[in-house]
Amino acid sequence: MRPYSEAVKADVRRRMGPPHRQSCTEIAQELGIHVITLYKWRKAWRLQGEVVPATQKDPEGWGPSDKFTVVLESAGMNATELSTYCRERGLFPEQVDRWRPPLPGKMTPLHSDHFNHQGA
């Protein structure tokens, strides 16, 4: 396999990821990089936890691992950060919210007076 510059790999990564979602075949034809090389790069990026969908499908058609990666990457973001994150990836915050698993049980806030009634 011939060596490719980091700039070429970054361009390929951008083309594969949202919002572009070009297929390996399209990229291979446009850039003259063997399709097997592109599949290997995509696999490596996915193993590193990057969002590189295996298909050109709409994000709702993504596989569980891609959706889970998005949920993990966006877990600690506020609304503004999440909007920016989604815009860069061709997503909507509502999609990310739907992909988040429900919390187990009913979550209720703890009140400070809860701890003050010990043995009263």
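Does residue 23 meet the test of being at pLDDT 80 or above, surrounded by 12 or more Cβ atoms within 10 Å (Cβ to Cβ), over 14 Å from the mean Cα position of the chain (by Cα) and not aliphatic (A, V, I, L, M)?
Yes; evaluated as a whole, the condition is true for this residue.
The conditions are (1) part of a helix (DSSP H, G or I); (2) in contact (Cβ under 8 Å) with a residue 24 or more places away in the chain; (3) surrounded by fewer than 17 Cβ atoms within 10 Å (Cβ to Cβ), and residue 29 fails exactly one of them. Which is it?
It is condition (2) that residue 29 fails.
Cβ-Cβ under 6 Å, sequence separation 6+ or interchain: first residue in segment 71-95 and touching a residue at least 12 places away in the same chain (Cβ under 8 Å), partner of a type in the set (D, E, K, R). Which pairs?
Close Cβ pairs satisfying both conditions: 71/100.
Among the residues of segment 32-49, how many are basic (Lys, Arg) and surrounded by 15 or more Cβ atoms within 10 Å (Cβ to Cβ)?
The qualifying residues number 2.
Which residues, taken from segment 60-102, are part of a helix (DSSP H, G or I) and of a type in the set (A, V, I, L, M, F, W, C)?
Result: 68, 70, 71, 72, 79, 82, 86, 96, 99.
The values are calculated or read from the model by the stated rules, or taken from the named source; none is laboratory data. This is a predicted model, so every value here is computed, not measured. All Cβ positions, glycine included, derive from the backbone under ideal geometry; neighbour counts span all protein chains shown.
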